[in-house]
Amino acid sequence: MVSSSRSEINHTSTPGQQLRRRALRHWGLMIGSALLGLIVLIALFAPFIAPHDPYAQDLTLRYLRVAFMGGTWEHPLGTDHLGRDYLSRLLYGARISLTIGLVAALISGTIGTILGVTAGYFGGRVDTVVMFIITVRLSMPVVLVALAVVALFGGSLTVVVLVLGFLLWDQFAVVMRTSTQQIRSQDYVTSARALGCSTTRIIMTEIMPNVFNNMIVVITLEMAHAIILEAALSFLGLGVQPPLPSWGLMIAEGKDMLFFEPFLITIPGLALFILIFAINMLGDGVRDVTAPENRN
């Protein structure tokens, strides 16, 4: 009787409850969410938890070491070549990385989703034109194009975000196109057409809710991609410009002291690793939890 009642409860649970249970059982999703949530909180409350002004320079305090390696606890992670507190710059750097990753992913997601859903739903010549555009985009190396554009217009936070946003939409377009092609032939889409629903209504109420999970997964992957590309551009001196505390820029500024003060590279490098790891774990978890085979 007890087992039958339990099976009845499980059978009558709502899809939202089933999704919540799958999410809580997925350790990768939980770890990724916790790490990313912690980094987001650090970025939001950086002005309140940073011990010093990240832009304040004091040349008499240049290259202070990490506190447990002979430094001072007034600067727990030491200072850089201009005497700026490294912990404060690290905390504020989370804002730069998250802003670039999120905004670039939203821009590229909007472009790619519009193109992909349009091509997948209408097919025919529309699909041919969109596939040609995607092919042209895939033939362009992202890093080289980004370097050329940033070198032409100058490196700044706005330029870097826009360049990455307009270069990383191809994955969204490919995934949304394939997902839409699979969904447009479903019975509920055919029924909506038979009832006389407009194309816009069908796309917004029947197509988009069913491709949303795929979009979320791609957003997490492209967000991580944008953060890595920004760090690479900043390392080459063509990304976020000083004195903004970008993690890529912090690595570039510390490379000359690699053999003498390795913490200048290790600390921001580790921060980048943790952020990318958290985003990828979150994306993998969302994919696993929302997969069709796991919905029953």
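Explain nothing, just compute: Karplus ³J(HN,Hα) = 6.51 cos²θ - 1.76 cosθ + 1.60, θ = phi - 60°, for every residue of the range 178-184 in order, whole Hz, x for Gly and Pro. Rounded to whole hertz, the list is 5, 5, 5, 4, 6, 8, 5. In the chain, helical runs assigned H by DSSP with n ≥ 4 each contribute -39500 (n - 2.57); averaged across all residues and rounded to the nearest 500, the mean residue ellipticity at 222 nm is -22500 deg cm²/dmol.
Under Stokes-Einstein, with the Kirkwood radius over Cα pairs as Rh, the value for the range 81-193 at 37 °C and 0.692 mPa s is 201 µm²/s.
Could you grab the relative contact order for the range 168-296? Cα pairs under 8 Å, six or more apart, rounded to a whole percent.
22 percent
Taking every C-alpha pair closer than 8 Å and separated by at least 6 residues, the mean separation divided by the residue count of the chain gives a relative contact order of 24 percent. Could you pull out the chymotrypsin sites (Phe, Trp or Tyr not before Pro) across the range 214-296 that fall in loop regions by DSSP (anything but H, G, I, E, B) with no more than 15 other Cβ atoms inside 10 Å? When the chymotrypsin sites (Phe, Trp or Tyr not before Pro) of the range 214-296 are filtered for loop state and at most 15 Cβ neighbours within 10 Å, Phe259, Phe260 remain. Computed from Cα atoms alone, the Kirkwood hydrodynamic radius reported for the chain is 21.7 Å. What would the Debye formula give as log10 I(q)/I(0) at q = 0.09, 0.14 Å⁻¹ for the alpha-carbon point model of the range 153-296, no solvent? Rounded to two decimals, the profile gives -0.44, -0.79. The distance between label points at Leu106 and Gln241 comes to 2.5 nm (points 7 Å beyond Cα on the Cα→Cβ vector).
Normalising the average separation of contacting C-alpha pairs (under 8 angstrom, six or more residues apart) by the number of residues puts the relative contact order of the range 26-82 at 24 percent. The residue among Val66, Gly16, Ala252 whose Cα reaches farthest toward the positive pole of the charge dipole of the chain, with charges on the beta-carbon of Lys, Arg, Asp and Glu, is Gly16. What the Cβ-Cβ distance of Phe122 and Met69 gives, at R0 = 45 Å and to the nearest 0.05, is a FRET efficiency of 0.15. Determine, at each q value in 0.14, 0.21, 0.25, 0.27 (inverse angstroms), the log₁₀ of I(q)/I(0) that the Debye formula gives when each Cα of the range 194-257 is one equal point scatterer. The computed values of log10 I(q)/I(0) come out as -0.58, -0.81, -0.96, -1.03.
Taking 0.36 nm per residue of sequence separation and removing the Cα-Cα distance, the Arg62/Ile133 pair yields an extension gain of 20.5 nm.
Would you mind getting me the FRET efficiency between Met204 and Tyr55? Use the beta-carbon distance for r and R0 = 41 Å, nearest 0.05.
After rounding to 0.05, the efficiency reads 0.35.
Computed from the coordinates by the stated procedures, all read-outs in this text should not be read as laboratory data. Source: prediction; values computed, not measured. All Cβ positions, glycine included, derive from the backbone under ideal geometry; neighbour counts span all protein chains shown.
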